[in-house]
Amino acid sequence: MEKKKYYITTPIYYPSANFHIGHCYTTVIADAIARFKKLQGYDVFFLTGSDEHGLKIQKKAEDAGVTPKEYVDKIISDAKDLWKQLDIEYDKFIRTTDDYHVETVQKIFKKLYDQGDIYKGEYKGLYCTPCESFWTESQLVDGKCPDCGREVNMVSEEAYFFRLSKYQDRLVDYIESHPEFIQPVSRKNEMINNFIKPGLEDLCVSRTTFDWGIPVTFDSKHVVYVWIDALSNYISALGYLSEDDSLFKKFWPADLHIVGKEIVRFHTIIWPALLMALDLPLPKQIFGHGWLVINGGKISKSLGNYRDPREYIKEYGVDAIRYYLLREVPFGSDGTFSEDLLVTRYNTDLANTVGNLVNRTLSMLNKYFDGVIENSPIETDYDRDLISLVISTKDKVENYMDNLQIPEALDAIFEIFRRCNKYIDETTPWVLAKEEDKEPLKNVLYNLLESIRIGAILLKPFLMNTSKEILRQLNTDMTDYETISEFGQLEVSKKINDFKPIFMRIEKKDEQE
Ligand code: MSP
C-alpha cells in the first residue's frame, strides 16, 4: 500500500542576527510533528531554510566589509550547526539564494506578469534617504525615521504590484468554508475581520532602491521584494516549474505551515492569493503559534536577555531543551522562557518522574533477578489499571498530535511514567521480595519494564536520546511503533544492559547558595 504523504514547513529564517531560543521553538515543534508522522508510517517531507535577501542584509554585509553572500553563508552554516545540535531532522534546507529558487521565483514573477496579475505602477511612501528605507506614517517616531531619527520625505518610485485586491472575495469564501485552514481559530477571526474585510490593497512586489534580491528578468533595475521571494520557497523547494517537479507533484499541497503569529497575515492572505493566481491548490493548514518571551518581554539581542541556545544545550542537554520547548507552552499561546522554569521542569519531570523510575526499576531487577527479565502474568486490579492506561496512551497521543496539542501529547506519555511510580507504591516490590513465591514480584517488575518500554517508544519523536537510552538499557529489540498496541511484547529471559540514571537532578543556583 502506498504510504500517506505529509508535507510540513517552518518559516524560512532571516539570517540577520544570531538565532535565539524563539527560533528554536518553531523548529523543534515542526521537527517533533514531522518525526511523529514518520513514526506513524507517513512519507514525510520536512522543509526549513533561510530568507536571505533584502536591504537589511545588504547593509549588514556592507558594515562587515563582506559581500552579502559571504555574510549570509557564515550565519547559515552556524544555523545548520544549531539545528544539528538540537537534533532537527529536516529533509531539505532551502536558501533563497539557491539557484533553483532564484529561477523559480523569476518564472513565477514572469508568469504572473504575463497573465496580468502583476502590473507596473508607482509606489508612494515616506522615504529616509540615508537609510534607504520606506516607512509608513505609523512607523515613524515623532514624525522622523525610526532607525536614524532623521527627516523623511514623501517620494514615489516605479514598482511592480500584485493584484491582491482581486482575490479578496475568493479568500474570504475559502477561509470561511475551510475552518481548519487557519488555526488557532482566534487568528482566523483576526485575519478576516481586521485585515481582509476592511479591504485588501494591491501589494508592492519589486524594489529599485537596493539590489540584493532576485532580479526581475524583464526589467533589470527591479528586484523581487520580500514576499513573492520568501513564500515561494514552499514550492520551489519541491521543484515547482523546474525540470524535475516530481517532489512537487508528490507533496503539494502542504499539510502544515507552522509560523509565528506575526507572519500569519502573510501566510493566510498573500500566500493563498498567490497560489490562486498560479492556479495551485492551497496548503491544508496554517498554524500561528505564540511567542516565547523572557521576563514578559521580547527576546532581544540588544537587551542582552538571552544566551546562545547552544549554551543551554551544553548545560542541560538537548532533550531537556526540547522537552521545555515542547511541554511548557500551550501551542498557540505566548509562553515564558526562563532557566529557572527549565530547571524545575527538568527536575520534576525528567529527573524525578522518568529518570528515577527507570533507575529504580532496573536496580530492583538487578537486585532480585540478577538483571534478567521474567514474567508471570497474574492479573491484579493494580495490574489491570496500569495496563489499560498504558495501552490507551497511543490513541490519546495520536489524537492530541492530530490536533497539534503537543504539550498535551507529551503529558499523556508522562502519565505512563507517573502511573508506574504510583504502581510501585501500590505493589511495594521490596515487600514482595521477602516472600518465598517470587511470581508476584516477577509480574510487577515485568509490568513496569513493559510500561517503560512503551513510554520510551512514544517518546521517540520528542526526546530521541532519552528514548534511545531507555531502550538500550532495557536491551530490547521490540522498539518499533507497531509493537506498542499490545501489552506484553518485551522479551523475557533476557538480561538488561548496564545502566545509570538518565537525568541527574540539578541543584538550583539559589539552592546552592
Ligand atoms: N523570513 C520571515 C519568514 C518568511 S516565511 C516565508 C521571518 N523570519 S524570522 O527569522 O524573523 O522569523 C522566523 C520565525 O521565528 C517566525 O515564525 C517567528 O515567529 C519565529 N520567532 C522569532 N522569534 C520568536 C520568539 N521569540 N518566539 C517564538 N517564535 C519566534 O519572519
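The values are calculated or read from the model by the stated rules, or taken from the named source; none is laboratory data. All values reported here derive from a predicted model rather than from experimental measurement. Every residue, glycine as well, gets a Cβ built from its backbone with ideal geometry; the counts of neighbours run over all protein chains shown. Keep in mind that these areas ignore ligands, DNA and RNA; they rest on the heavy atoms of the full protein, side chains included. Shrake-Rupley method; radii C 1.70, N 1.55, O 1.52, S 1.80 Å.
Please pick out the residue among 63, 73 that is more than 14 Å from the ligand (Cβ to nearest atom), at pLDDT 95 or above, more than 24 Å from residue 258 (Cβ to Cβ) and assigned to a helix (DSSP H, G or I).
73 is the lone residue from the list that is more than 14 Å from the ligand (Cβ to nearest atom), at pLDDT 95 or above, more than 24 Å from residue 258 (Cβ to Cβ) and assigned to a helix (DSSP H, G or I).
Within the stretch 11-34, can you find the residues that are among the hydroxyl-bearing types (Ser, Thr, Tyr) and near the ligand (Cβ under 7 Å from one of its atoms)?
Within the stretch 11-34, 13, 14, 25, 26 meet the criteria.
Just to be sure I understand, how many residues within the stretch 468-482 are touching a helix residue (DSSP H, G or I) at 6+ places or on another chain (Cβ under 7 Å) and either closer than 19 Å to residue 386 by Cβ or without any contact (Cβ under 8 Å) to a residue 12 or more places away in the chain (or both)?
Of the residues in the stretch 468-482, 4 are touching a helix residue (DSSP H, G or I) at 6+ places or on another chain (Cβ under 7 Å) and either closer than 19 Å to residue 386 by Cβ or without any contact (Cβ under 8 Å) to a residue 12 or more places away in the chain (or both).
Would you confirm whether or not the stretch 201-216 contains a residue that is away from the ligand (no atom under 16 Å from the Cβ), assigned to a loop (DSSP other than H, G, I, E, B) and more than 25 Å from residue 156 (Cβ to Cβ)?
There is no residue in the stretch 201-216 that is away from the ligand (no atom under 16 Å from the Cβ), assigned to a loop (DSSP other than H, G, I, E, B) and more than 25 Å from residue 156 (Cβ to Cβ).
Report, by residue number, each residue of the stretch 87-140 that is of a type in the set (Ser, Thr, Tyr), in contact (Cβ under 8 Å) with a residue 40 or more places away in the chain and part of a loop (DSSP other than H, G, I, E, B).
90, 96, 97
Among 37, 3, which is touching a strand residue (DSSP E or B) at 6+ places or on another chain (Cβ under 6 Å), under 26 Å from residue 85 (Cβ atoms) and away from the ligand (no atom under 16 Å from the Cβ)?
Checking each option against the conditions leaves just 37.
Does the stretch 251-264 include one or more residues that are basic (Lys, Arg) and more than 10 Å from the ligand (Cβ to nearest atom)?
no
Could you run through the stretch 265-299 and say how many residues are in contact with a Phe, Trp or Tyr (Cβ under 9 Å, 6 or more places away or on another chain) and either more than 10 Å from the ligand (Cβ to nearest atom) or assigned to a strand (DSSP E or B) (or both)?
21
Answer yes if at least one residue in the stretch 309-317 is surrounded by fewer than 22 Cβ atoms within 10 Å (Cβ to Cβ), at pLDDT 95 or above and in a loop (DSSP other than H, G, I, E, B), and no otherwise.
yes
Pairs please, first residue from the stretch 6-20 and in contact (Cβ under 8 Å) with a residue 60 or more places away in the chain and more than 19 Å from residue 266 (Cβ to Cβ), second anywhere and open to solvent by less than 30 Å² (accessible area, probe 1.4 Å) and near the ligand (Cβ under 7 Å from one of its atoms), Cβ atoms under 6 Å, 6+ apart in sequence or on different chains.
20/299
How many residues does the stretch 300-323 contain that are farther than 20 Å from residue 81 by Cβ, within 13 Å of the ligand (Cβ to nearest atom) and of a type outside the set (S, T, N, Q)?
The qualifying residues number 1.
Only one of (1) farther than 16 Å from residue 110 by Cα; (2) within 14 Å of the ligand (Cβ to nearest atom); (3) of a type outside the set (S, T, N, Q) is not met by residue 248, so which one is it?
(2)
Specify which of the listed residues (80, 74, 84, 92) is over 28 Å from residue 315 (Cα atoms) and of a type in the set (D, E, K, R).
Checking each option against the conditions leaves just 92.
Please pick out the residue among 247, 203 that is in contact with a strand residue (DSSP E or B) (Cβ under 8 Å, 6 or more places away or on another chain), at pLDDT 95 or above and open to solvent by 30 Å² or more (accessible area, probe 1.4 Å).
Answer to the selection: 247.
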